[in-house]
1. Using the alpha-carbon atoms, what tilt in degrees (0 to 90, nearest 10) does helix B:28-38 show relative to the longest principal axis of chain B?
2. Which value in deg cm²/dmol, rounded to the nearest 500, describes the helix-derived mean residue ellipticity at 222 nm for chain A, given -39,500 (n - 2.57) per DSSP H run of n ≥ 4 and division by the residue count?
3. Is segment A:313-437 best put as rounded, prolate or oblate by its Cα gyration tensor, with a ≥ b ≥ c the root eigenvalues, rounded for a/c under 1.5, and otherwise prolate when a/b is larger than b/c, oblate when not?
4. Over 18 Å apart: what share of the alpha carbon pairs of segment A:277-319 falls there, rounded to a whole percent?
5. Determine the shielding of peptide A:311-318 by partner chains: average, over its residues, the number of Cβ atoms on other chains within 10 angstrom of each Cβ.
6. As a check on your grasp of the helix formula, calculate [θ] at 222 nm for chain B: sum -39500 (n - 2.57) over DSSP H runs of n ≥ 4, divide by the residue count, round to the nearest 500.
7. Where both partners of a DSSP beta bridge lie in the protein assembly as shown, what percent of those bridges are antiparallel, to the nearest 5?
8. Rank the residues A:403, A:175, B:30, A:41 as a footprinting-exposure proxy: fewest other Cβ atoms within 10 Å of their Cβ go first.
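Each value in this text was obtained by applying a stated rule to the coordinates, not by laboratory testing. Source: prediction; values computed, not measured. Methodologically, a virtual Cβ is constructed for each residue, glycine included, from the backbone with ideal geometry; neighbour enumeration extends over all protein chains shown.
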């Protein structure tokens, strides 16, 4: 049979005996052998451990004993999150690679307990915020749809790895868009769960009050399956929240009847780099949601500029706090861009920081008022395709950033899914964000799944991958 | 990606705050050098120049947060629990 593209299909095929875990893992290893260097997906690969885990998974499947929902499925883990197989670098020369004692982070342990197989650690921005200097030992990150463009960050490797079949799903982290942006730019699906939904212990912090771990995969159904494994409080993370964990796959009915969806097309916040294709692509996507049964109304996200600023300011102040000891001792070992960004947290006083958290409270309340009128809010994830690589460099810092529409939701804490919704005229993927009420991931996933039952954007494979396979 | 978005978010907030009443701020170079000294950091001169260049917009942007009327008597959204 053809290699399954999704976790859901792979899990079903494994249970039906139509494919073995060894076959899936070997296909993933083969894809990574051919594609990893081209796209800069991995920082470390666990080939031997994955092969052993696949053999064990096949034995469990053959035994007839109950198995976890991810048994035998190859996964990638952003190198900000610890795994027992090897070091965690945060793609930095500064980070202690033995941090967390080479133990699985809670999220990784949950995936492993569910039967998932870790294929390796995937690339990120340095500490999820910066950029390694040219000449550093880390890979160049490239977009699977056009190698002259960035894959998005900071969960770059998980994005390119899923998009190119080097694993079926993986973990990303999101503090200002870092799951949703690479999901949008790589043409895959990514879920930022509600703040506190997935324990973040064992993840190198960027900003304590906004960091979230979430799944990245081809489909909303895959994200639902992974979230069903990842969700739930853990005492090791004081910010994780004891809310009931829903049966997320069971919520995927394919029908949006009874849901009221607010659409903010972002036209009230135009940006210099907006791609002219986005409004038309968004309009078509909204019609798909309407055809699935949703009632659609126009809305405007309240306090847009204020909450984006709260996101940025909080991120930099909390990051500056975390990095202060290493800044003093190892300033020159950070990437130049990384240290300059984090150091900008010094601009803000303690008074400013508390004021930002007061505005954050107001923003949460205003967004809750909006969600009393609608069940979901959709916007473009980014109002442009992936930027050319030159725009991510130190010398071109000011270009393109206004088109990112993600960080607002990090300030408010809501769950947000990004699903592929089409392409720019230049052939770069675009993403649709679907935001919901706190701890109502099931509604967000239901809408994403209903959209994907009526479209195939999430199943498209970059031509570069086809060309590499043919070579 | 985050860095580009951050620069844009600060610039937008600073633009919106431009009409708000404000006292003249401190000299950016003096302020940045003082902040770096307080943090025991000694970057190269070109990096200090970069931080100085971003200072004025960042301080202008902050004024937007103090102009949200509902925040005047609100509690901050900070994490605290008496249970460790």
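1. Helix B:28-38 sits roughly 80 degrees off the main axis of chain B.
2. -12000 deg cm²/dmol
3. Oblate, because a/c is 1.5 or more while a/b does not exceed b/c.
4. More than 18 Å apart: 55 percent of the Cα pairs in segment A:277-319.
5. Numbers: counts 4, 11, 8, 1, 2, 4, 0, 0.
Counting other chains' Cβ atoms within 10 Å and averaging over A:311-318 gives 4.
6. -19000 deg cm²/dmol
7. Approximately 70 percent, going by the DSSP bridge assignments.
8. Values: A:403 24, A:175 27, B:30 10, A:41 33.
So the residues, fewest neighbours to most, are B:30, A:403, A:175, A:41.
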